[in-house]
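See below for the structure under consideration.
The values are calculated or read from the model by the stated rules, or taken from the named source; none is laboratory data. A quick note: this is a predicted structure, and the numbers were derived from the prediction, not measured. FYI the Cβ positions are ideal-geometry reconstructions off the backbone, even for glycines, and counts take in every protein chain you see.
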Ligand SMILES: Cc1ncc(C[n+]2csc(CCOP(=O)(O)OP(=O)(O)O)c2C)c(N)n1
Ligand SMILES: [Mg+2]
């Protein structure tokens, strides 16, 4: 028997700055190669789909195989526009953060297809429980005022959340967008609970839960899978595997040697591993999962394979821990470029139209940012009145809070309900 000392295995990415990542670990299947089972398939029968990669868009731009969805040209153009809008929004907000008008920002660069195509696959009334990287769920819609979104980011006097949430942690009940929590993974079990409640009430609305690769290491992820499986909750369990959790490679959360989708199969849940940079595959898999949930066939876990092209947040510098050319070399490419090539291949789009659309969207967002700044920013202290922090918890404010509000008003000379300039700007947020 061996007497050698024991040791642990600590997973490492294949490359660090200055080296070249070996992306063979992704095990990407060919476009069109994976079968599309009936929606009432048994969880165990999805094992092959949880280990491979469902893809529709070929490098040539053609849509291949049984997952190719029946979207018409106008819907495809709408999807491309939603992705371009999301990217333009992120780019502008990144600049505003560097100008110190926003304390903190998180981009979804390179991941735009996931939220925007998923939004197209849901029905009004369904409820998403997103993370901070699904702004595409909101930006894909025309009924969300982007000026209001920017006011939230600026924590200014028109911020609908009145400065109580970190920038990017939006809340839009009417758009089926549950308040984002800074405590990772909590929303996963809440989504399952919401879906169960919908079933208990005999409603027809389904839930969609969101989590990142790193956050699947939280206990809430596993609790959510157990409840979703046991009660066949009407929920889509999205896992966005963008390869990184700040500076931790996805293998550290358990993605080495197995996939996140395979965890779903092991928990008795039908699961798919899907190319998250392929707008058509994202839409098709989301529809498949939504149909299962709506037909009382239970939950579906979908691992979206993508790449976090930007920094984790404005507080992060990825050049310290990963090769700078990773995104250029990422085998699943850029979701916008891929859908663009598909539309050009169909004869429904051109480089010139693409450029024009990009410019129009950039102008729309620049104008919205200008409008939002009229309500101030953290630079000039035009933040919601201090007194508002005592409101909205109790219908009738208890005496001790009334007293604290009075003391705060005396201290800062800003009466209850008064609006206007605060004594000192809020310090810049430093969240991960
Ligand atoms: C419970 C908890 N632990 C740690 C953090 C700090 N934190 C914020 S984001 C993040 C990384 C999450 O990575 P992942 O789940 O892969 O999502 P991604 O940022 O890649 O979209 C960490 C560790 C937190 N907010 N909450
Ligand atoms: Mg991640």
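Highlighted here are the strands (runs of 3 or more DSSP E) found entirely within region 235-340 that include at least 1 residues which are farther than 17 Å from residue 48 by Cα, within 12 Å of ligand 2 (Cβ to nearest atom) and touching a strand residue (DSSP E or B) at 6+ places or on another chain (Cβ under 9 Å): 235-241. Residues in region 358-385 that are part of a helix (DSSP H, G or I) and either touching a helix residue (DSSP H, G or I) at 6+ places or on another chain (Cβ under 6 Å) or at pLDDT below 95 (or both): 8 in all. Annotation note: Cβ proximity below 7 Å between a residue of region 335-350 that is in contact (Cβ under 8 Å) with a residue 24 or more places away in the chain and a residue that is loosely packed, with under 14 Cβ neighbours inside 10 Å and part of a loop (DSSP other than H, G, I, E, B) (sequence gap 6+ or interchain) occurs for 344/350. Sub-7 Å Cβ pairs linking a first residue in region 207-233 that is free of Cβ contacts under 8 Å to residues at least 60 places away in the same chain to a second residue that is near ligand 1 (Cβ under 9 Å from one of its atoms) and assigned to a helix (DSSP H, G or I), at least 6 apart or interchain, are 213/250; 213/253; 214/253; 216/253; 217/253; 220/186; 221/215, ordered by first then second residue. With respect to (1) surrounded by fewer than 19 Cβ atoms within 10 Å (Cβ to Cβ); (2) closer than 27 Å to residue 99 by Cβ; (3) modelled with pLDDT under 95, the lone exception for residue 142 is condition (2).
Annotation: residue 168 fulfils all but one of (1) in a loop (DSSP other than H, G, I, E, B); (2) in contact with a helix residue (DSSP H, G or I) (Cβ under 8 Å, 6 or more places away or on another chain); (3) surrounded by fewer than 22 Cβ atoms within 10 Å (Cβ to Cβ); the unmet one is (3). The single residue among 202, 195 that is more than 16 Å from ligand 2 (Cβ to nearest atom), within 19 Å of residue 123 (Cβ to Cβ), in contact with a strand residue (DSSP E or B) (Cβ under 8 Å, 6 or more places away or on another chain) and assigned by TED's automatic domain parsing to the domain that holds residue 271 turns out to be 195. Pairs meeting the criteria (first residue in region 168-183 and at positive phi, second residue assigned to a strand (DSSP E or B) and surrounded by 20 or more Cβ atoms within 10 Å (Cβ to Cβ), beta carbons under 8 Å, at least 6 apart or on different chains) are 176/127; 176/128. In summary, residue 106 fulfils each of the numbered conditions (1) buried (at least 23 other Cβ atoms within 10 Å of the Cβ); (2) touching a helix residue (DSSP H, G or I) at 6+ places or on another chain (Cβ under 6 Å); (3) under 22 Å from residue 330 (Cα atoms) with the single exception of condition (2). Restricting to region 171-199, name every residue that is within 9 Å of ligand 1 (Cβ to nearest atom) and buried (at least 21 other Cβ atoms within 10 Å of the Cβ). Residue satisfying the conditions is 185 alone.
Mind counting the residues in region 1-44 that are within 30 Å of residue 69 (Cα to Cα) and in contact (Cβ under 8 Å) with a residue 24 or more places away in the chain?
19
For region 223-232, a residue qualifies if it is within 16 Å of ligand 1 (Cβ to nearest atom) and crowded, with 16+ Cβ neighbours inside 10 Å, and the qualifying residues are 224, 225.
Quick one: which residue in 339, 301 is buried (at least 21 other Cβ atoms within 10 Å of the Cβ), within 16 Å of ligand 1 (Cβ to nearest atom) and at pLDDT 95 or above? Of 339, 301, the one residue that is buried (at least 21 other Cβ atoms within 10 Å of the Cβ), within 16 Å of ligand 1 (Cβ to nearest atom) and at pLDDT 95 or above is 301. Is there a residue in region 51-58 that is within 16 Å of ligand 1 (Cβ to nearest atom), in a loop (DSSP other than H, G, I, E, B) and crowded, with 21+ Cβ neighbours inside 10 Å? Scanning region 51-58 turns up no residue that is within 16 Å of ligand 1 (Cβ to nearest atom), in a loop (DSSP other than H, G, I, E, B) and crowded, with 21+ Cβ neighbours inside 10 Å.
Name the residue, out of 160, 130, that is over 26 Å from residue 287 (Cα atoms) and touching a helix residue (DSSP H, G or I) at 6+ places or on another chain (Cβ under 8 Å).
Checking each option against the conditions leaves just 160.
Checking 268, 254, 264 one by one, the residue that is without any contact (Cβ under 8 Å) to a residue 40 or more places away in the chain and over 19 Å from residue 29 (Cα atoms) is 254 and no other. Across region 233-258, the qualifying residues are those that are out of contact with any helix residue (DSSP H, G or I) (no Cβ under 6 Å at 6 or more places or on another chain) and more than 26 Å from residue 313 (Cβ to Cβ), and the one among them that is farthest from ligand 1 (Cβ to nearest atom) is 257. Restricting region 200-217 to residues that are part of a helix (DSSP H, G or I) and surrounded by fewer than 20 Cβ atoms within 10 Å (Cβ to Cβ), the residue that is farthest from ligand 1 (Cβ to nearest atom) is 200. Mind listing whichever residues of region 33-50 are in contact with a helix residue (DSSP H, G or I) (Cβ under 8 Å, 6 or more places away or on another chain), surrounded by fewer than 18 Cβ atoms within 10 Å (Cβ to Cβ) and part of a helix (DSSP H, G or I)? 44, 47, listed by residue number.
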